[in-house]
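Step one of this worksheet: look at the structure below.
Readers should treat all values here as calculations from the given coordinates under stated rules, not as data from a laboratory. Because the structure is predicted, anything quoted here is derived from the model rather than measured. Because the Cβ atoms are built from the backbone with ideal geometry, glycine has one as well, and the counts that use them run over all protein chains shown.
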């Protein structure tokens with residue numbers, strides 16, 4: 001039985017691959033593990049049946065036999081630990097790759113997600129415009145540090161790892177904001193991640209079934 | 001050689017044990033691994049010498065021989081993987097304990113830290129008072145979900161694990177805000193964590209050297 005991953009029935013990003021099933025799909029593609037997807041509606045996500053799998057009423061979940069996991073970072077780590085290809089063999093390099101997973105989720109992502117929340121939930125408030133530079137300064141400061149550490153390397157620590165997978169995925173949220181583009185090495189790093197065949201397969205697989213149709217109807221709306 | 005952990009020279013919380021060296025100290029105490037502490041000033045944290053260890057200019061770092069790690073979650077996981085006592089033996093239970101580590105850092109902590117940032121950096125802004133309920137609703141919603149999942153259990157998944165260690169540490173940030181106290185099972189969960197001998201040893205060890213003196217001078221100031 002292939003593991004089952006849950007994803008949004010309709011992703012709010014309309015196919016940009018920013019929902020949190022994307023890093024899980026990408027990891028599964030990197031290691032060549034087939035998987036099934038069960039799409040869940042927003043209302044079903046909040047029901048007790050789904051909350052038994054995911055107490056915070058979110059996606060993704062990962063079910064493999066009796067094991068049920070949530071938290072995309074934990075799922076990616078579980079996949080990486082049980083397959084070859086996403087963590088180095090050397091013990092110290094392995095610990096550092098896991099460190100970059102935590103850095104992506106614990107340090108780099110929160111200010112980026114805060115900016116998104118603010119965009120969606122506080123756009124009409126009196127303070128939104130004034131707060132935006134504060135949030136963007138925080139993001140910029142993180143990116144500056146990350147850019148300095150990455151330097152001219154292809155990946156954060158030697159070969160591509162689960163740490164790069166999560167970091168690239170986090171940085172992808174910034175595309176089009178102008179914040180990432182200032183750091184040419186980080187932009188190139190994201191492109192390098194997106195150019196991986198496994199990324200492309202995962203990205204294509206997460207597109208809505210009616211993707212072409214949706215795009216057309218968006219164009220018609222405009 | 002004992003591993004070396006970096007901590008604030010002067011913790012902004014004046015000894016409440018909320019700085020991120022605390023979960024690392026706690027983990028080391030749980031597994032009985034002696035360690036050394038090197039305290040770093042705010043200015044030294046931003047210098048290139050420290051940034052070579054911690055690219056974001058923060059504490060803690062963890063040095064053990066040639067291995068240098070940062071990100072408290074990654075350090076706790078590294079300690080848990082290399083000692084007995086913080087992760088279950090059963091593979092599925094182990095994956096779930098790690099899942100709770102990611103849930104603490106990726107889901108529960110960000111809204112809590114956002115509220116703190118706002119308190120420190122936006123207290124004097126026109127919007128602070130109006131935004132506070134939005135932030136607190138987000139925290140409350142997370143706590144509600146977590147409280148429902150914990151139920152009447154002592155720990156999140158069977159015996160105490162690194163997942164509980166990080167979750168308790170994250171929830172401790174809410175003490176005194178009134179947000180945690182509403183959920184009596186979560187309050188009891190935090191108390192249960194703080195009652196562990198390893199927690200107490202770590203807490204005492206992180207107190208400033210002049211703790212008694214500082215307290216006295218704070219009282220005198222009031």
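With a Förster radius of 56 Å applied to the beta-carbon distance between residue A:126 and residue B:1, the computed FRET efficiency rounds to 0.50.
For the rotational copies B and A, the chain B residue with its Cβ nearest the relating axis, together with that separation in Å, is B:127, 2. Need one word for the stretch A:1-141: rounded, prolate or oblate. Basis is the Cα gyration tensor (sqrt eigenvalues a ≥ b ≥ c); a/c below 1.5 gives rounded, then a/b vs b/c decides. Oblate shape, in that a/c is at least 1.5 and b/c is the bigger or equal ratio. For the stretch B:108-222, the calculated P(r), taken from all Cα-Cα distances in 10 Å bins from zero up to the bin holding the longest distance, is 12, 35, 32, 19, 2 percent. Shown for B:22, A:135: other C-beta atoms within 10 Å of each C-beta, ranked fewest to most, produce the order A:135, B:22. Residues B:128, A:78, ranked from the fewest to the most other C-beta atoms within 10 Å, line up as B:128, A:78.
Pull out a ≥ b ≥ c, the square roots of the eigenvalues of the alpha-carbon gyration tensor of the protein assembly as shown, then state rounded if a/c is under 1.5, prolate if not and a/b is larger than b/c, and oblate in the remaining case. Rounded is the answer for the protein assembly as shown, as its axis ratio a/c remains below 1.5. Nearest 0.05, what FRET efficiency do residue B:185 and residue A:182 give at R0 = 45 Å with Cβ-Cβ as r? Efficiency, from the Cβ-Cβ distance: 0.45. Would any residue of the stretch B:1-19 have its amide N under 19 Å from a label point 7 Å out along Cα→Cβ of residue B:66? List them or say none. Only B:1-4 pass the distance filter.
Largest mean-square fluctuation among A:103, A:95, A:198, in a Gaussian network model of chain A whose springs join Cα atoms under 10 Å apart, belongs to A:95.
Taking every residue in B:105-113 and counting other chain Cβ atoms within 10 Å of its Cβ, the average works out to 5. As a rough footprinting exposure proxy, the listed residues B:45, A:167 were ranked by other beta carbons within 10 Å of their own, and the order from fewest upward is B:45, A:167.
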